[in-house]
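Encoded as C-alpha cells, the structure appears first; notes follow it.
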Amino acid sequence: MYISWLGHSCFKLQDKIGPEGITLVTDPFGKEVGLKEPKADADIVTISHDHADHNNIGAIRGKPFVIREAGEYDIKGVSVIGIDSYHDEKKGAERGKNIIYWIEMDDVSIVHLGDLGYAPEAKELEKIPNCDILLIPVGGKATIGAEKAVEIINQIEPRIVIPMHYKTPGLKYDFDGPEKFIKALGVKPREEERLKISRKDLPTDEMEVVMLKF
C-alpha cells in the first residue's frame with residue numbers, strides 16, 4: 001500500500017496506484033489552515049471531528065463513502081473501526097469529541113488518532129485491534145504534544161510511527177514543530193516522499209519513525 005501526507009492531519013491511503021485501486025482520505029482541511037487544499041479522488045473519507053480544518057468534504061472528488069461516526073464499517077474490502085475519544089483532557093468540555101480510526105487496508109493496519117487531546121486509559125486503547133502504522137498528532141496546543149505522544153506510542157507499540165498535526169511552512173496555527181517529539185521519542189526518523197509498505201516490509205525488530213513530506 002501507499003501512504004501520502006497531504007498536510008495537517010490529512011493522509012491519502014491507497015492499496016494500489018491506478019483506477020482499480022481503493023483510496024481512503026483522512027481529515028481533509030479547508031483554506032483557513034493556510035495550506036493548499038488537499039484535492040484528491042477518494043472512495044472513502046474519514047472525519048475525526050467537525051472542525052473546519054478536518055471536515056472539508058468539498059475538497060474531495062468523486063462520491064466517497066464518508067465516515068464521521070464511531071462504529072464498524074466494511075467498504076470495498078477496507079475495514080474501518082471508529083472509536084470515540086476526546087479532543088481535550090476534560091472529556092470534550094473544551095473542544096468536543098474526537099474519533100480514532102483503525103483502518104485495515106491491503107493487510108496492513110493503520111491507526112489515525114485524529115485530534116486526540118489526552119492520553120487515553122489502557123481500557124480505551126484496548127478497543128484498537130492492533131496497529132502496524134500509527135498516525136499521531138505531536139504539535140501540542142490543540143492536541144497532545146511530544147510527551148503524551150511518546151506515552152501513547154509506548155502503550156500502542158506500533159511498528160511504524162508517522163507524526164502529523166505539527167508546525168509546517170505556511171500553516172497558520174501555532175503548533176510545535178516535530179523536533180520536541182523526535183527528541184522525546186529518541187528514535188532517528190527517516191524521510192520519505194511517500195511510504196510504500198506491505199506486510200512483509202514492516203519492521204520486526206525496532207520501531208521506525210517516518211517523516212512524510214507533503
Could you give the longest part of the chain that holds none of the GluC sites (Glu not before Pro) found in DSSP loops with at most 15 neighbouring Cβ atoms within 10 Å?
127-192
Amide H neighbours of Val45 under 5 Å, counting only residues 5+ apart in sequence or on other chains, H built in-plane at 1.01 Å?
Val25, Phe65, Val66, Ile67
Can you list residues from other chains, or at least 5 along the same chain, whose modelled amide H is less than 5 Å from the amide H of Ser79?
Glu104
Give me, ordered by chain and number, the residues 5 or more places off Phe11 or on other chains with an amide H under 5 Å from its own placed amide H.
Leu6, Thr26
What number comes out for the charge environment of Ser109, summing +1 per Lys or Arg and -1 per Asp or Glu over other residues with Cβ under 11 Å away?
-2
The Cα extents of the chain along the principal axes, largest first and rounded to whole Å, are 41, 40, 35
Could you work out which residue, out of Tyr166, Tyr118, Tyr73, moves most in a Gaussian network model of the chain, that is, has the largest mean-square fluctuation with Cα springs under 10 Å?
Tyr73
What are the radius of gyration and Dmax of the range 93-212, computed over its Cα atoms and given in Å?
14.0, 43
With the cut-off at 32 Å, tell me which of the pairs Lys36/Lys196; Lys36/Lys200; Lys127/Lys200 have Cα atoms farther apart than that.
Lys36/Lys200
Neighbour cut-off at most 12 other Cβ (10 Å), DSSP loop, trypsin sites (Lys or Arg not before Pro), the range 183-214:
Lys213
From DSSP H assignment alone, runs of 4+ in the chain each adding -39500 (n - 2.57), the sum over residues rounded to the nearest 500 puts [θ] at 222 nm at -2500 deg cm²/dmol
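So in the chain, what percent of DSSP beta bridges are antiparallel if you round to the nearest 5? Walk me through the intermediate numbers first.
Values: 28 of 49 bridges.
Here the share of antiparallel DSSP bridges comes out near 55 percent.
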What net charge is computed for the residues neighbouring Arg61, neighbours being all others with C-beta under 14 Å from the C-beta of Arg61, Lys and Arg scored +1, Asp and Glu -1?
0
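Readers should treat all values here as calculations from the given coordinates under stated rules, not as data from a laboratory. Source: prediction; values computed, not measured. Here Cβ is always computed from backbone atoms with ideal geometry, including for glycine, and neighbour counts include all displayed protein chains.
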